[in-house]
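The values are calculated or read from the model by the stated rules, or taken from the named source; none is laboratory data. Only a predicted model underlies this, so the values are computations on that prediction, with no experimental measurement involved. Cβ placement follows ideal geometry from the backbone for every residue including glycine, while neighbour counts extend to all protein chains displayed. For accessibility, only protein heavy atoms count, side chains too; no ligands or nucleic acids. Shrake-Rupley method; radii C 1.70, N 1.55, O 1.52, S 1.80 Å.
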Amino acid sequence: DKLRADAFVPKPTEFVIFFDSDAILVRPLLYEDLFDKRWRARLPYRVYRNTSLDHERAWRNSTAAAIGIHPEALEFSFMARLGQMYPTWVFLSLRTALVRRQQVQSLRDYVELCASQQRMFSEFEVL
């Protein structure tokens, strides 16, 4: 569960980076790949351009519903490439916000609610 990554790393881990099991690094991973010059994590994204595509619209709508905004207000998609890195503090903050926003008892309840309503949910998009 990506949104619980902070529970699986030792303290005082500051960042968590995600790669799929089938991802291949073709060169060494460099500091500059992960951080900008001000020590901020680089977060790859792309602008939603073609919302006439079913998959674009579906991800945009489900993410907007999760965070409580209108889909048109959501400008960026964060499923741009693997190697996504986040500060560890963001996971608890996001879980707390989703539970409050969706008025459920836990993140698991929200994911199960999405499944029961056949709605999509992407951890990377809401992160």
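What the table below lists for this structure:
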quantity: Selection count where residues are assigned to a helix (DSSP H, G or I) and not aromatic (Phe, Trp, Tyr), scope the stretch 45-82; calculated: 16
quantity: Subset of the stretch 68-100 [modelled with pLDDT under 90 and among the basic types (Lys, Arg)]; calculated: Arg81
quantity: Those residues of the stretch 78-97 which are touching a residue at least 40 places away in the same chain (Cβ under 8 Å) and open to solvent by less than 50 Å² (accessible area, probe 1.4 Å), in sequence order; calculated: Phe78, Gly83, Gln84, Met85, Tyr86, Pro87, Thr88, Phe91, Leu94, Arg95
quantity: Residue tally, condition of a type outside the set (Lys, Arg) and in a helix (DSSP H, G or I), over the stretch 1-44; calculated: 9
quantity: Tyr31 being touching a strand residue (DSSP E or B) at 6+ places or on another chain (Cβ under 7 Å) and farther than 19 Å from Val111 by Cβ; calculated: no
quantity: Unmet criterion (only one of (1) in contact with a Ser or Thr (Cβ under 6 Å, 6 or more places away or on another chain); (2) within 19 Å of Asp6 (Cα to Cα); (3) not in a helix (DSSP H, G or I)) for Met85; calculated: (1)
quantity: Odd one out for Ser62, checked against (1) open to solvent by 60 Å² or more (accessible area, probe 1.4 Å); (2) under 21 Å from Met120 (Cβ atoms); calculated: (1)
quantity: Candidates Val9, Val16 - the one that is open to solvent by less than 30 Å² (accessible area, probe 1.4 Å), touching a residue at least 40 places away in the same chain (Cβ under 8 Å) and among the β-branched types (Val, Ile, Thr); calculated: Val16
quantity: Residue count, the stretch 109-127 (criterion: in contact (Cβ under 8 Å) with a residue 40 or more places away in the chain, in a loop (DSSP other than H, G, I, E, B) and either open to solvent by 70 Å² or more (accessible area, probe 1.4 Å) or among the aliphatic types (A, V, I, L, M) (or both)); calculated: 3
quantity: Top-ranked residue in the stretch 101-121 [being closer than 16 Å to Asn61 by Cβ and among the basic types (Lys, Arg); ranked as modelled with the highest pLDDT]; calculated: Arg101
